[in-house]
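A.B. asks: One structure coming up, written as structure tokens, with questions to follow.
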Amino acid sequence: MKKTTVYIPEELDLLLEQAAQREGASKAELIRLSVSHYLEQTGAGRVLPRSLGAIDEDLGVTSSDAKQWLREHLPEALEK
């Protein structure tokens, strides 16, 4: 695990401390969970596959559009 420093307002730190005590967790654990949740919700943490492989149909996707196409269509493909 990598150590990092985060500056937060005192009021937020107090709320974080209270939540940590209530949940029986460390502040660091709650911060990790919050960042993870944020990345999942925004899609920012999604890793695109290195390769698509071969397909039989023409999707009309050029190599310059491939990353955007994946961002739009990969979540629905993974649900199948």
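The values are calculated or read from the model by the stated rules, or taken from the named source; none is laboratory data. No experiment lies behind these values; they were computed from the predicted model shown. So basically every Cβ, Gly included, is an ideal-geometry build from the backbone, and we count neighbours across all protein chains shown.
A.B. asks: Answer with yes or no whether Gly45 is at pLDDT below 75 and under 30 Å from Pro9 (Cα atoms).
C.D. replies: Judged against the criteria, Gly45 is a match.
A.B. asks: Scan the range 1-46 for residues that are assigned to a helix (DSSP H, G or I), in contact with a helix residue (DSSP H, G or I) (Cβ under 8 Å, 6 or more places away or on another chain) and hydrophobic (A, V, I, L, M, F, W, C) and jot them down.
C.D. replies: Once the filter is applied, which keeps residues that are assigned to a helix (DSSP H, G or I), in contact with a helix residue (DSSP H, G or I) (Cβ under 8 Å, 6 or more places away or on another chain) and hydrophobic (A, V, I, L, M, F, W, C), the range 1-46 yields Leu16, Ala19, Ala20, Leu30, Ile31.
A.B. asks: Within the range 48-68, take every residue that is at pLDDT below 80 and not in a loop (DSSP other than H, G, I, E, B) and give me the one that is nearest to Lys3 (Cα to Cα).
C.D. replies: Looking at residues that are at pLDDT below 80 and not in a loop (DSSP other than H, G, I, E, B), I get Lys67.
A.B. asks: Could you tell me which numbered condition Arg71 fails, if it satisfies all but one of (1) surrounded by 10 or more Cβ atoms within 10 Å (Cβ to Cβ); (2) at pLDDT 75 or above; (3) over 16 Å from the mean Cα position of the chain (by Cα)?
C.D. replies: Answer for Arg71: the failing condition is (3).
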